[in-house]
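Taking it in order: structure first as structure tokens, then the write-up.
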Amino acid sequence: MVAMTKKIKTFQIIFSDPSKTFYCGGDKVCGRVEVEVNELTRVTALKVVGVGCAKVEYAKGKQRCRQEAEYLRYEELLKLDEQPTDADGSVLLRPGNKYEYTFGFELPQQGQLVSSYKGKFGYVHYYVKAKMDRPHQPTLECKKQFEVEEPLDVNTPDLLSPTGGMKEKKVTCMFIPDGQVSLNAKIDRRGFCEGEDICINAKFENTCSRIVVPKAAIIAKHTYQANGRTKVFRQKLSAVRGNHIISGMCDAWQGKTIRVPKIKPSMLGCNIIRVEYALMIYVHIPGSDKLILELPLVIGTAGLGSRSNSVSSQEGSVSNSSQSWVSLRMPSEPPSYSDISRGSSLDQPLTPLLDDVDGDESPIFMNPPSFVFPQPPAYTETEEEYNSNARMLPVC
């Protein structure tokens, strides 16, 4: 940011390494303040302030909710090298010269800062501000932001351990029991980085009269806290879907993958803003609420440390899961990925966020055969129908 007035030609902050895209805890932020004037200008003081703060602000009815938290505060009084000063410490700047004030300060150690963030209802900003005091004139300011990224390592025993769960839901039609839908799923670990594949092993059972569809999605959850109130913003980042499951059948996912898109790491250390991720494995049930299993995820810093441990853990987990799902082995085929979909929901239940358009969705109830005998179909059609039925397994 460059500030200019009639007397001031140039007033700007330049970092020593302009190519540096972000800083980490413990790094040194250094640079210079450049000043050029159009006419004789007396400067009584020039200060540099380093600031890092988080801010949340949103409206709740007629009330304005606002909260701030500070993570960095540094202040330094700068002096010109080899520049004569008056008795009061002021300096006279002359036109045609370029004056440089150097500065440098060290960021707090890792664990004391939070990563830069900009969201719908809040942000975490870091910046350097220069203040120029002149006699009998208003203080002149210029500011320049810099990014902070606190590394998050997912190669910890807790995040490398498998996680999973099971859910079931009883389905009714006009208050009459109509069977149930259940799912049992697990993943090999909780910690991932962008670009990695999440391997899902799951079993779905359908004993109701409806045709259901299993799906999975990666969800981002942004939580803002201000004045004792909490506001949540959810976003669907990517999704995959499985095959339709008719009544009395079950289906299994053996190593079905969903890729972590390019996203920011989880932000868990801020008092008023949190960014969390989850893998939602759910079953779409026409005419009823979805059956949802939520598995928390932690997205770490890409390229941090070695992934050998987590990769070996993944291979071992897949091997073990293959043995546990041996009775549900299906014909191998490439996974069917849906188009990456994006959506958002504010302060609402999760189910609307997971709604998506599936085109020709299956009917709520199975249609009984009409026993009409048309002309024999072509062989390819018969083969496709056979393969479709071959994917379904009787309920165990």
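Every number here is computed from the coordinates shown, using simple stated rules; none is lab data. Because the structure is predicted, anything quoted here is derived from the model rather than measured. Using ideal geometry, Cβ is built from the backbone for each residue, glycine included, and neighbour counts are taken over all protein chains shown.
Going from the fewest other Cβ atoms within 10 Å to the most, the residues L140, L183 appear in the order L140, L183. Residues whose amide H falls under 5 Å from that of S115, counting only those 5 or more places apart or on a different chain, are E150, with hydrogens built in the peptide plane. By the equivalent-ellipsoid construction on the alpha carbon gyration tensor, the range 175-310 comes out with semi-axes of 31, 21, 10 Å, ordered largest to smallest.
Residues in the range 272-283 carry Karplus couplings, in order, of 10, 9, 10, 10, 10, 10, 8, 9, 9, 9, 9, 10 Hz; the curve used is 6.51 cos²θ - 1.76 cosθ + 1.60 with θ = phi - 60°, and Gly or Pro positions show x. 3J(HN,Hα) along the range 168-177: 9, 9, 7, 9, 10, 10, 6, 6, 9, x Hz, from the Karplus curve 6.51 cos²θ - 1.76 cosθ + 1.60 with θ = phi - 60°, whole Hz, x for Gly and Pro.
Would you work out the relative contact order for the range 8-145, in percent, from Cα pairs under 8 angstrom that are 6 or more residues apart? RCO, the range 8-145: 34 percent. Loop-resident GluC sites (Glu not before Pro) (DSSP state other than H, G, I, E or B) in the range 1-104 with no more than 16 further Cβ atoms inside 10 Å of their Cβ: E39, E82. The HN-Hα couplings worked out from phi for the range 217-230 by the Karplus form 6.51 cos²θ - 1.76 cosθ + 1.60 (θ = phi - 60°) are 8, 9, 10, 9, 10, 9, 10, 10, 10, 7, 6, x, 10, 10 Hz, whole numbers, x standing for Gly and Pro.
If R0 equals 56 Å, the separation of the Cβ atoms of K20 and T230 corresponds to a calculated FRET efficiency of about 0.95.
Cross-link partners of K47 among lysines, defined as those whose alpha carbon lies under 20 angstrom from its own and excluding same-chain residues fewer than eight positions apart: K7, K9, K28, K79, K98, K129, K131, K143, K144. Between amide H atoms placed 1.01 Å from N, distances below 5 Å from H284 occur with V213, K215, all of them 5 or more places distant or on a separate chain.
Spin-label pair K167-D289: with each label point 7 Å from Cα along the Cα-Cβ axis, the two points sit 1.0 nm from one another.
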